[in-house]
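I have placed the structure first, in the form of structure tokens, so that the comments after it can refer back to it.
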């Protein structure tokens, strides 16, 4: 019996898109739980419906059927308890790093002194001190994603969703950001739902990995990753697991 | 100089104003060789590629193909970019045949070659489809087929599999090796991904941080298809990582 507190529960969630020619199922009967403070990775092949699944959890899409619970509260639409970091830079280009990070607290009417203090804490945490007054176009791809992460943290969400946040970064910047996100998660514990199509990234980051099938996405298997952190991507155990998951992952040509 | 040297790069240097981006790069590539170029993020790989493709002029130095200064009018230099770059108004077959039509190949020869490439890439059933009807990976396969179709003197590939999932990447990497073996084309493949470089290349050029110089040329003798879990493979991957690691 697992004693850990459950943060997020998906029960038989399905989403079908309809057009003139009938229904296109994107996700089908997906059920899983995410524990409190867990780093859970959703791994799936390209175009399998990962983003639809996340958008459904975030309330940006309504499920066709099924239920989603945050703690014991059933979710209907967007929820302030859920923060999101997107693959494409979703920063305000006309706002500085500071203004981007403090945007959420500002909208909630937090007084300036207080929200600046919060924003500064997370800007420091993601390693962007001295860039507070820079604009997004002055930053590299990896730095922009750091701003996105700081902004999500500044809202103090109960659940943080990251949708392929490193997908647009080059392989090396990606390694550096993977180390960063683990450092941030360790120092400011949050429940994280992280989506990727990269097996190596999933194995480096996750406490558990939920493997999705090709579209319509169903849960193919759940893996518990016991390797100690920081993980060595070239260790025999790591490579063995990578091969095992790879063999089980669908390919869409 | 040996007769089989296809590409000869001598003292290639590029400055933008006072900013030195490439510093005195020299190397040779044999005819039919598969070379990967790796270097730290932001080291000048794109400038390097733009010089090789003659899209920009070097500040010093030169590039010879078959002993003659590289010239897009004389030489066939083909590219594959990271984002698939197809003609959306042409079918798959039309895209594959485009270069041959531009070069005035006779119709019969062109059609024969188009069909060969369609078959080689397993794209026969998509011959009459348009790029908008294909998945990104299928579109990229078509672009790669198109690039190999003309028997180019030099094929430049700039991180063509950057955004694909690992399984798709391995599949396409095996495909590119198969095409390369069948056509004997000389390939320069630029990547940030060290595992990918070791998986593909006969020779890896390791660049330094900006201004980019060649740090080392590493030969990889492992037979294809390579095993990423093989001890020698891992040793080489670790070694190259140590040479460029900044993260």
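The values are calculated or read from the model by the stated rules, or taken from the named source; none is laboratory data. Keep in mind that this is a model prediction, so the values were computed, not measured. Glycine also receives a Cβ, built like all others from the backbone with ideal geometry; neighbour counts cover every protein chain displayed.
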Go through the residues of the stretch B:139-146 one by one and say whether even a single one is under 26 Å from residue B:166 (Cβ atoms) and touching a strand residue (DSSP E or B) at 6+ places or on another chain (Cβ under 7 Å).
yes
Given the structure, is residue A:146 at pLDDT below 95 and either under 30 Å from residue A:61 (Cβ atoms) or crowded, with 16+ Cβ neighbours inside 10 Å (or both)?
yes
So, residue B:245, is that one surrounded by fewer than 17 Cβ atoms within 10 Å (Cβ to Cβ) and within 14 Å of chain A (Cβ to nearest Cβ) or not?
yes
Checked A:172, A:215 against criteria (part of a loop (DSSP other than H, G, I, E, B), within 13 Å of chain B (Cβ to nearest Cβ) and either without any contact (Cβ under 8 Å) to a residue 12 or more places away in the chain or under 24 Å from residue B:137 (Cβ atoms) (or both)); the one match is A:215
From the options B:48, B:81, B:87, residue that is surrounded by 14 or more Cβ atoms within 10 Å (Cβ to Cβ), more than 18 Å from residue B:185 (Cα to Cα) and touching a residue at least 24 places away in the same chain (Cβ under 8 Å)
B:48
Going through the stretch A:116-140 one residue at a time, which ones are without any contact (Cβ under 8 Å) to a residue 24 or more places away in the chain and buried (at least 17 other Cβ atoms within 10 Å of the Cβ)?
A:116, A:120
Does the stretch A:152-162 contain at least one residue that is in contact with a helix residue (DSSP H, G or I) (Cβ under 6 Å, 6 or more places away or on another chain) and assigned to a loop (DSSP other than H, G, I, E, B)?
yes
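Each row is one residue, and each column tells you yes or no for (1) in contact with a strand residue (DSSP E or B) (Cβ under 7 Å, 6 or more places away or on another chain); (2) farther than 26 Å from residue B:45 by Cβ; (3) not assigned by TED's automatic domain parsing to the domain that holds residue A:72.
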position	(1), (2), (3)
A:176	no, no, yes
A:194	yes, yes, no
A:198	no, no, no
A:221	yes, yes, no
A:234	no, no, no
